[in-house]
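Trainee: Sharing a structure here in structure tokens format.
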Amino acid sequence: IIDLYVNPEFRNSGVATQLANEIIGKAKSKGCVQLLGTVVPATKNSTKALQTLFGFGMTLLRSSENLIIVKKDI
């Protein structure tokens, strides 16, 4: 999965959490133990994207000037 996008009219409805939990279920069934996410700071809404990822329980793995990488153990 490269991106997870929710249309504005469906935001704050829990649909993104439902999608992410479905992804976690599929990943676990394949033996995955960690999810990674990335945010490019220069992109539009990058702050909101980070807030969303942190709100989902992801934590900072590493960052540079051009890329922020977050992770979640599953």
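The values are calculated or read from the model by the stated rules, or taken from the named source; none is laboratory data. In this text, all values refer to a predicted model and were calculated from it rather than measured experimentally. Cβ sites come from the backbone with ideal geometry, for glycine too, and all protein chains shown count toward neighbours. Just so you know, the surface numbers come from the protein's heavy atoms only, side chains and all, with ligands and any DNA or RNA stripped out. Shrake-Rupley method; radii C 1.70, N 1.55, O 1.52, S 1.80 Å.
Trainee: Once you sort the root eigenvalues of the Cα gyration tensor of the chain as a ≥ b ≥ c, which label holds: rounded (a/c under 1.5), prolate (a/b larger than b/c) or oblate (the other case)?
Mentor: oblate
Trainee: Follow-up question, since we're still on this one. Find how much the distance from LYS28 to GLN51 grows on full extension, using 0.36 nm per residue of separation minus their present alpha carbon separation; answer in nm with one decimal.
Mentor: That works out to 5.9 nm of additional length.
Trainee: Okay, next question. Could you look at the chain and say what percent of its accessible area is carbon and sulfur, using a 1.4 Å probe and all protein chains?
Mentor: It is 55 percent, rounded to a whole number.
Trainee: A further question follows. If you place +1 on the Cβ of every Lys and Arg, -1 on the Cβ of every Asp and Glu, and leave all else neutral, what size is the dipole of the chain about its Cα centre, to the nearest 20 Debye?
Mentor: Here the chain has a charge dipole of around 140 debye.
Trainee: Convert each backbone phi in segment 14-25 into a coupling constant with the Karplus relation 6.51 cos²θ - 1.76 cosθ + 1.60 (shift: θ = phi - 60°), then list the ³J(HN,Hα) values in order as whole Hz, x for Gly and Pro.
Mentor: Coupling constants for segment 14-25: x, 5, 5, 5, 4, 5, 5, 5, 5, 4, 4, x Hz.
Trainee: Per residue, how much accessible area does the chain have with a 1.4 Å probe, in Å²?
Mentor: 77
Trainee: If you add up the charges near VAL33, with Lys and Arg at +1 and Asp and Glu at -1, over every other residue whose beta carbon is less than 14 angstrom from its beta carbon, what do you get?
Mentor: Result for the local shell: +4.
Trainee: Would you tally the net charge around ALA20, using a Cβ to Cβ cut-off of less than 13 Å, leaving ALA20 out, and scoring K and R as +1, D and E as -1?
Mentor: Summing Lys/Arg as +1 and Asp/Glu as -1 gives +1.
Trainee: Within segment 18-74, how many lysine pairs that are 8 or more places apart, or on different chains, have C-alpha atoms less than 22 Å apart?
Mentor: Lysine pairs satisfying the spacing and distance rule in segment 18-74 number 9.
Trainee: Say the dipole of the chain comes from +1 at the beta carbon of Lys and Arg and -1 at that of Asp and Glu; which of SER46, GLY14, PHE56 then lies farthest toward its positive end?
Mentor: Of the candidates, PHE56 comes out farthest on the positive side.
Trainee: Return the distance in nm (one decimal) between the two label points of a simple spin-label model at ASN12 and SER63, each offset 7 Å from Cα along Cα→Cβ.
Mentor: Between ASN12 and SER63, the label points sit 2.5 nm apart.
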